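The values are calculated or read from the model by the stated rules, or taken from the named source; none is laboratory data. Predicted, not measured: the structure shown is a model, and the values here were computed from it. Cβ atoms come from the backbone with ideal geometry, glycine included; neighbour counts cover every protein chain shown.
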């Protein structure tokens, strides 16, 4: 911020690159003085490896991202109150006013920034599908899951710390799912009827994951299939841990 001579600060991750009209499209939104920041989708490049593209397909699946799928695929233009900084443009005076990024909450520093912009300063953040970047993914399985678990831990903690944008049912669903799997599994041991219903539910879930895993090339399907299931479990467990964590290790 000290060195920047322009009025807009543009943020990318070091593994992301923008389309040629990225700045032009973003600045069109910032013509409105009530708009403090602009973000757009971070799409997986077609040139990524198979395991990277499979990770991108997991993130872009409705079974994983739900209504937040617009973060990974172009969707309708809309106002948002929480957006990742891998593709984020913000007015410099706004950043100065809120004190910049609070890196004590990495990788949740963007959540706190957006919270201050929308709730404290009462300014707008716009999602525009034309403000697009390509974002290289971390490969399935371990690099992808480490990232997911880190996000989940912070989101669970943020439910208590920043409930205005984190206390939302969508973030609880993986934990509810994981709890349901084990609880229902234990209960089903005591009744043949419940056991049948449990197996029916598991079969339906596996079938649903398979349908959402279908992609080309076909050799990507097993990676996406396993990736979705592991993402559900990893996020569900770490989100719960975040809920019961009194203080994150990177928080002062």
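When you scan the stretch 167-177, do you find a residue that is in contact (Cβ under 8 Å) with a residue 60 or more places away in the chain, buried (at least 16 other Cβ atoms within 10 Å of the Cβ), more than 15 Å from the chain's Cα centre (by Cα) and part of a strand (DSSP E or B), even just one?
no
So, in the stretch 85-99, of the ones that are touching a residue at least 40 places away in the same chain (Cβ under 8 Å) and exposed (fewer than 14 other Cβ atoms within 10 Å of the Cβ), which residue ends up nearest to residue 232 (Cα to Cα)?
This residue is 96.
Criterion first (in a loop (DSSP other than H, G, I, E, B), at pLDDT below 95 and surrounded by 19 or more Cβ atoms within 10 Å (Cβ to Cβ)) does residue 82 satisfy it?
On the way: in a loop (DSSP other than H, G, I, E, B): yes; at pLDDT below 95: yes; surrounded by 19 or more Cβ atoms within 10 Å (Cβ to Cβ): yes.
Here the answer is yes, as residue 82 does meet what is asked.
Which residue, of 74, 41, is within 14 Å of residue 125 (Cα to Cα) and either crowded, with 19+ Cβ neighbours inside 10 Å or under 16 Å from the mean Cα position of the chain (by Cα) (or both)?
From the options 74, 41, the qualifying one is 41.
What single numbered condition from (1) part of a helix (DSSP H, G or I); (2) in contact (Cβ under 8 Å) with a residue 24 or more places away in the chain; (3) farther than 13 Å from residue 130 by Cβ fails to hold for residue 69?
Going through (1) part of a helix (DSSP H, G or I); (2) in contact (Cβ under 8 Å) with a residue 24 or more places away in the chain; (3) farther than 13 Å from residue 130 by Cβ one by one, residue 69 breaks only (2).
Quick check on my filter: what residues within the stretch 1-31 are assigned to a loop (DSSP other than H, G, I, E, B) and in contact with a helix residue (DSSP H, G or I) (Cβ under 9 Å, 6 or more places away or on another chain)? Steps first, answer last, please.
Within the stretch 1-31, the subset assigned to a loop (DSSP other than H, G, I, E, B) is 1-7, 13-15, 19-21, 30-31.
Correct list: 1, 4, 6, 7, 19.
Which one is nearest to residue 56 (Cα to Cα), of the residues in the stretch 118-166 that are in contact with a strand residue (DSSP E or B) (Cβ under 8 Å, 6 or more places away or on another chain) and part of a loop (DSSP other than H, G, I, E, B)?
Out of the qualifying residues, it is 136.
Of the residues 194, 248, which is touching a helix residue (DSSP H, G or I) at 6+ places or on another chain (Cβ under 9 Å), more than 16 Å from residue 66 (Cα to Cα) and not in a helix (DSSP H, G or I)?
Of the residues listed, the single one that is touching a helix residue (DSSP H, G or I) at 6+ places or on another chain (Cβ under 9 Å), more than 16 Å from residue 66 (Cα to Cα) and not in a helix (DSSP H, G or I) is 248.
Hey, any hits in the stretch 96-108 for a residue that's in contact with a helix residue (DSSP H, G or I) (Cβ under 6 Å, 6 or more places away or on another chain), assigned to a helix (DSSP H, G or I) and closer than 30 Å to residue 230 by Cα?
yes
Under 9 Å between Cβ atoms, at least 6 apart or on separate chains: pull out the pairs that start in the stretch 189-216 with a residue that is touching a residue at least 12 places away in the same chain (Cβ under 8 Å) and at negative phi and end on any residue that is surrounded by 12 or more Cβ atoms within 10 Å (Cβ to Cβ) and assigned to a loop (DSSP other than H, G, I, E, B).
Here the result reads 209/61; 212/61; 213/61, each pair linking the stretch 189-216 to a residue that is surrounded by 12 or more Cβ atoms within 10 Å (Cβ to Cβ) and assigned to a loop (DSSP other than H, G, I, E, B).
Checking residue 53 against (1) in a helix (DSSP H, G or I); (2) in contact with a helix residue (DSSP H, G or I) (Cβ under 7 Å, 6 or more places away or on another chain); (3) over 18 Å from residue 228 (Cα atoms): exactly one of these is not met. Which one?
Residue 53 satisfies all of (1) in a helix (DSSP H, G or I); (2) in contact with a helix residue (DSSP H, G or I) (Cβ under 7 Å, 6 or more places away or on another chain); (3) over 18 Å from residue 228 (Cα atoms) except (3).
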